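Trainee: To start, I am sharing the structure in question, which I have written as structure tokens.
The values are calculated or read from the model by the stated rules, or taken from the named source; none is laboratory data. Being a predicted model, the structure only gives us computed values, none of them experimental. Cβ placement follows ideal geometry from the backbone for every residue including glycine, while neighbour counts extend to all protein chains displayed.
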Amino acid sequence: MKFSVDFSAAVYQGDSGSGSGQSGGTSGGAVKDILADKGGEIHTITTGHTVQEVIDTLNSFKIGALVVADDDKRPIGIVSERDIVVGIGQKGKELFAEKVDTIMTANPVCCAPDARVHEVMQKMTDGRFRHMPVVSDGKLCGMISIGDVVRKRLLELEYENEQMMAYMSG
Ligand code: AMP
């Protein structure tokens, strides 16, 4: 299943905090800024589906992970290409017919739209995973990857560097 949440500054009225766009200063940008840039598109699957269906969905959308969600769009797990590689190593091709909950990671670490990008990056690094569902009021509203986070941090650091150079050159 695929659905989308609009995170453009004009529409998103969710959790409080600073607005979207370029954020300087020590607190850095927020996750919702990333979602505003890339769109709040989320690919999900339910526990009733098979690993083969997970593989087909990952391939067709060219993505690395799916959120396993219930009917109310609450995240109950996450399944990434890593889980499939590990599962194939253990069970071979029999894995393909198994249900997604046999390989998913239950209770994934999630973040709020207002979470700071550098904090999310730290959580991904500490937890050694590359995806994080974004949740508001317990429901999915986005998905970000380590690529999104690194891109955003680079832009922030470039901006801070330019500001510093402008300050130093008067
Ligand atoms: P990834 O690096 O995202 O491909 O995931 C590596 C491993 O971490 C896999 O076992 C995933 O199921 C798991 N994983 C991915 N994202 C999360 C997350 N946000 N919280 C907990 N586990 C995760």
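Trainee: Being surrounded by fewer than 19 Cβ atoms within 10 Å (Cβ to Cβ) and either assigned to a strand (DSSP E or B) or not basic (K, R) (or both) is the filter here; which residues of the range 61-83 pass it?
Mentor: Passing the criteria: F61, I63, G64, D70, D71, D72, I76, E81.
Trainee: Within the range 66-80, restricting attention to residues that are in contact with a Pro (Cβ under 8 Å, 6 or more places away or on another chain) and either over 16 Å from A112 (Cα atoms) or without any contact (Cβ under 8 Å) to a residue 12 or more places away in the chain (or both), which residue is farthest from the ligand (Cβ to nearest atom)?
Mentor: Among those that are in contact with a Pro (Cβ under 8 Å, 6 or more places away or on another chain) and either over 16 Å from A112 (Cα atoms) or without any contact (Cβ under 8 Å) to a residue 12 or more places away in the chain (or both), it is A69.
Trainee: Can you tell me which of (1) surrounded by 15 or more Cβ atoms within 10 Å (Cβ to Cβ); (2) modelled with pLDDT of 70 or more; (3) part of a loop (DSSP other than H, G, I, E, B) is the one G48 doesn't meet?
Mentor: (1) is the only condition that G48 fails.
Trainee: Take E119 and decide whether it is at pLDDT 95 or above and either under 15 Å from D33 (Cα atoms) or away from the ligand (no atom under 12 Å from the Cβ) (or both).
Mentor: Considered against the rule, which asks whether it is at pLDDT 95 or above and either under 15 Å from D33 (Cα atoms) or away from the ligand (no atom under 12 Å from the Cβ) (or both), E119 comes out as no.
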